[in-house]
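Scroll down for the structure; my scribbles are underneath it.
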Amino acid sequence: MSTLYVDTITEKTSGNGVQIPGHVVQVVSSSTTTQVINSSATEVSTGISASITPISASNKIMVTMSSTLLFGSNSGNLAVLFNLKRGGTTIATAETKDNVNAIVQLAETVSINFLDAPATTSATTYEVFFQESASTNRYGSTAINYNGRTGTITLMEIAQ
């Protein structure tokens, strides 16, 4: 049995450091407390976004997003759709849907977890958009990052 002791490991060529498959290579996180209101079926940015420059084109990016949503219905179904976009293209969609029997406003936590394979070493931006469903049972407006609550997005590059 041998033991290797080191104080520092320096990569031979910049950008080619040690990558162990399945391990996190880098983490980027961003947050906002800016409330965004949408009262239509038109897609609007939540203001929750972050950019990462992958070290290797074969690595994957784990995207996690969380925020607080306030929406209301006046008896019936109301759905709010969330679209995760990479560079302007939707790569994942999440939906929150409630069926209520009275005029009600609901505040709930919304989250997205998605493992992406962008296949690039260029700077890549992930951004979350939201929109109401085309329901006629809407009551009031839909607000993300409601009342100054924090919306966050975290990007983790996973070595392959």
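Report the full-extension gain for the segment ALA117 to GLN160: residue separation times 0.36 nm, less the Cα-Cα distance, to one decimal in nm.
The span from ALA117 to GLN160 would gain 14.4 nm if fully extended.
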Counting Lys and Arg as +1 and Asp and Glu as -1 over every other residue whose Cβ sits under 15 Å from the Cβ of ILE158, the net charge comes to -1
Simple spin-label estimate for THR109/HIS23, 7 Å along Cα→Cβ, in nm, reads 3.0
Calc'd 3J(HN,Hα), region 41-51, phi into Karplus 6.51 cos²θ - 1.76 cosθ + 1.60 (θ = phi - 60°), Hz, glycine/Pro = x, comes to 8, 8, 5, 9, 5, 7, x, 9, 7, 7, 10
The local net charge around GLN131, scoring Lys/Arg +1 and Asp/Glu -1 for residues other than GLN131 whose Cβ lies under 11 Å from its Cβ, equals -3
Between THR64 and ASP7, the two model label points (7 Å from Cα along the beta-carbon direction) sit apart by a distance in nm of 3.6
Listed by chain and number, the residues whose amide H is under 5 Å from that of THR46, excluding neighbours fewer than 5 places away on the same chain and using placed H, are VAL128, PHE129, PHE130
For the pair SER39 and LYS97, the simple spin-label estimate (label points 7 Å beyond Cα toward Cβ) gives in nm 2.5
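Laboratory data are not the source of any read-out in this text; all were calculated from the coordinates shown. In this text, all values refer to a predicted model and were calculated from it rather than measured experimentally. Heads up, the Cβs are rebuilt from the backbone with ideal geometry, glycines too, and the neighbour counts pull from every protein chain shown.
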